[in-house]
Amino acid sequence: MKFFRQGAEVYRFGRPADATSTAPAIASVAGSKHGSIRHFEYRSVVKSSKAPACPDPSAQLVLDRVSRSFGGMAALTDINLSIQQGQIVVVIGGSGAGKTTLLKILIGLDRPSSGHVWFNGADLSSMGELALNKARKKFGMVFQYSALLDSMTVFDNVAFPLREHTKLSSREIRHKVIEKLEILNLHDVDQLMPSELSGGMKKRVGLARALMLEPEVLLYDEPTSGLDPLSSRMVDDLIADTRSRFGVTSIIISHDMAGALQIADSIVLLADGQVKAAGTPEELVDGRAGLAQDFFRASGIDASKLVNSRRRPSTH
């Protein structure tokens, strides 16, 4: 029997003597009042056994009829996507297309108003906070402007996830940090401050930090934003090399159509919160999706030439 106090009254909770069910239970008012004690009895809550099933069990990440609204305004409407393990998927769209909202839902920072998000067969959209926090550790995030902590050295920035989420010793953390920095060609920079790094180096430090918990999925938010064309292509190569080296699934939120055509396995074109076109770079270039063709023209690129010369993705 459990009691709790609310104001001047004490409430008593109990189960019927024959209650053996381990199903969730809620309290209902018994109707009588014994002095200052209100008595509550439990009744079982039986959940439907018909839980929704993932529509594409072979995919690593599935969005099934995902919609998101804010105050009656639709940010995303009926999004359906299937992403296979190891793919590079680029989500393209203009301002207000819904890219940021989609990114937050993918990483579990927001929940859809309706629909489901499946990761390795588990429904993220119905998880409790503890389970969701565990699932989030399988995702790494590379922020638009790297989001390095200015008051910390490169080493401390990269070590931050390990110190927050693991019980590794200082020696083990140092080994892992230096190893990741070396893999990403960041030699002898661990004691530098972020202000001492070039834009490209900051991107790589941000990537090293995102890789520290060995995620299965990496999400990139506008990774080439603010970079010149040469640096942008270097970042594209870095994304492709990271997929090849670590086997991660890469989801890139971008407006860089040239980069998308060169490294993506699949491109998703968002507009007004809806998927307007989706497919391989070749399919979008050869297809008749008017909005995709408008993007190619507005970007000032020779889409066919880029597709023909693009870096071919590795197979997994």
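Here are some notes:
- Selected residue (criterion: surrounded by the fewest Cβ atoms within 10 Å (Cβ to Cβ)) from residues of the range 212-264 that are of a type in the set (A, V, I, L, M) and free of Cβ contacts under 8 Å to residues at least 40 places away in the same chain: LEU230
- The range 222-249, subset small (Gly, Ala, Ser) and touching a Ser or Thr at 6+ places or on another chain (Cβ under 7 Å), residue farthest from ALA208 (Cα to Cα): SER232
- Within the set LEU197, LEU184, LEU130, the sole residue that is closer than 22 Å to ASP221 by Cβ, under 23 Å from the mean Cα position of the chain (by Cα) and aliphatic (A, V, I, L, M) turns out to be LEU184.
- Residue check, ALA210 in a helix (DSSP H, G or I), at negative phi and in contact with a Leu (Cβ under 9 Å, 6 or more places away or on another chain): yes
- Restricted to the range 51-68, and to residues there that are among the charged types (D, E, K, R) and in a strand (DSSP E or B), the residue that is farthest from the chain's Cα centre (by Cα) is ARG65.
- Any hit, the range 98-106, residues being in contact with a Pro (Cβ under 9 Å, 6 or more places away or on another chain) and on the phi < 0 side of the Ramachandran plot: yes
- Qualifying residue in the range 276-284 (condition: of a type in the set (Gly, Ala, Ser) and part of a loop (DSSP other than H, G, I, E, B)): no
- Where THR280 falls short, out of the listed (1) closer than 25 Å to LEU148 by Cα; (2) of a type outside the set (A, V, I, L, M); (3) modelled with pLDDT of 80 or more: (1)
- Residue within the range 60-75 that is touching a helix residue (DSSP H, G or I) at 6+ places or on another chain (Cβ under 9 Å), closer than 23 Å to ASP294 by Cβ and modelled with pLDDT of 90 or more present: yes
- Inside the range 271-288, residues that are over 26 Å from the mean Cα position of the chain (by Cα) and either within 10 Å of GLY93 (Cβ to Cβ) or crowded, with 16+ Cβ neighbours inside 10 Å (or both) make up a count of 1.
Residues are listed down the side, and each one gets a yes or a no for (1) closer than 23 Å to ASP64 by Cβ; (2) surrounded by 14 or more Cβ atoms within 10 Å (Cβ to Cβ):
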{"position": "VAL117", "(1), (2)": "yes, yes"}
{"position": "LEU130", "(1), (2)": "no, no"}
{"position": "LEU148", "(1), (2)": "no, yes"}
{"position": "ALA159", "(1), (2)": "no, yes"}
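- The criterion of at least 3 residues that are touching a strand residue (DSSP E or B) at 6+ places or on another chain (Cβ under 7 Å) and of a type outside the set (Lys, Arg) is met by the following helices (runs of 4 or more DSSP H) wholly inside the range 79-198: 99-106.
- Condition check for ALA135 on (1) over 21 Å from VAL217 (Cα atoms); (2) surrounded by fewer than 22 Cβ atoms within 10 Å (Cβ to Cβ): one failure, at (1).
The values are calculated or read from the model by the stated rules, or taken from the named source; none is laboratory data. All figures in this text were calculated on a predicted structure; none of them were measured in a lab. Cβ sites come from the backbone with ideal geometry, for glycine too, and all protein chains shown count toward neighbours.
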